[in-house]
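What follows is a single structure, written as structure tokens, with notes after it.
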Amino acid sequence: MEGEAAHHLGRVLRAQAGQLYELSDGERVWLGRIESVTRDRVQFALIEALPAVHPTVDITLLLAVVKFDAFEWALEKATELGVGAIVPLAAERSEKALLAAAAKRADRWRKILLEASQQSRRVRIPVLGGLARPDSEFASREDGLRMMLSERATASPLRKVLHGQQASRAILAIGPEGGWTDAEFAAAKSSGFMEASLGRLILRAETAVIAALASLNYALDSE
């Protein structure tokens, strides 16, 4: 291990020779023992291969940009809940100042995904997409179970939408404070997205992320 990761392990965490760590290259996992630690390099001896657990459902989260503390908290929890990819959305009701600053946060967001993956012992780090418009992102999703959370009275409960579903891929869209616009609802519907409700209570975006992803994992995970 070299570079920043090695520096953090050796200098911040004060790793020492003989300690055991789980190592992953994104596909496989090994149990490794530290052999030596220098300023920017940690050398391991691989002891044995460990079972690599991959999610049975590939979930993509389309998440409208909201206030950064809430958005970043949602990124962390979505990673812990197993999403495979996250795409920030420039929704009509997202704050314009936040959208203008979003591009500068990409490196920070990737670091959050990395650290949350390490904490939850994930094999693979979620892919972070670039800032996208909802209509173009909806149109690009041509397969999988497609859902968007909705506060409209006509939206079906999420449990009903998920009932009996057997999908290996799911796309979940969660809107900003103030909700989706009529144009965004129309764009999603024309691209095959179903409206789904989490109930009568109005949830913050970060709360909706946890509630919806936990429901998807429960309903769709075949293991």
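Some observations on this one:
- Out of VAL87, VAL83, one residue alone is in contact with a Leu (Cβ under 6 Å, 6 or more places away or on another chain), in a loop (DSSP other than H, G, I, E, B) and modelled with pLDDT of 90 or more. It is VAL83.
- Filter pass, ALA116 being touching an Asp or Glu at 6+ places or on another chain (Cβ under 7 Å), of a type in the set (Gly, Ala, Ser) and surrounded by 19 or more Cβ atoms within 10 Å (Cβ to Cβ): yes
- Candidates ALA90, ALA101: the one that is aliphatic (A, V, I, L, M) and within 22 Å of ALA208 (Cβ to Cβ) is ALA90.
- Per-region count, region 29-41, residues without any contact (Cβ under 8 Å) to a residue 60 or more places away in the chain and either exposed (fewer than 13 other Cβ atoms within 10 Å of the Cβ) or within 29 Å of the chain's Cα centre (by Cα) (or both): 7
- Yes/no for ALA116 being assigned to a helix (DSSP H, G or I), closer than 18 Å to ILE210 by Cα and at pLDDT below 95: yes
The values are calculated or read from the model by the stated rules, or taken from the named source; none is laboratory data. Just so we're clear, the structure is a prediction, and the values are computed from it rather than from any experiment. No Cβ is skipped: glycine too gets one built from the backbone with ideal geometry, and neighbour counts run over all protein chains shown.
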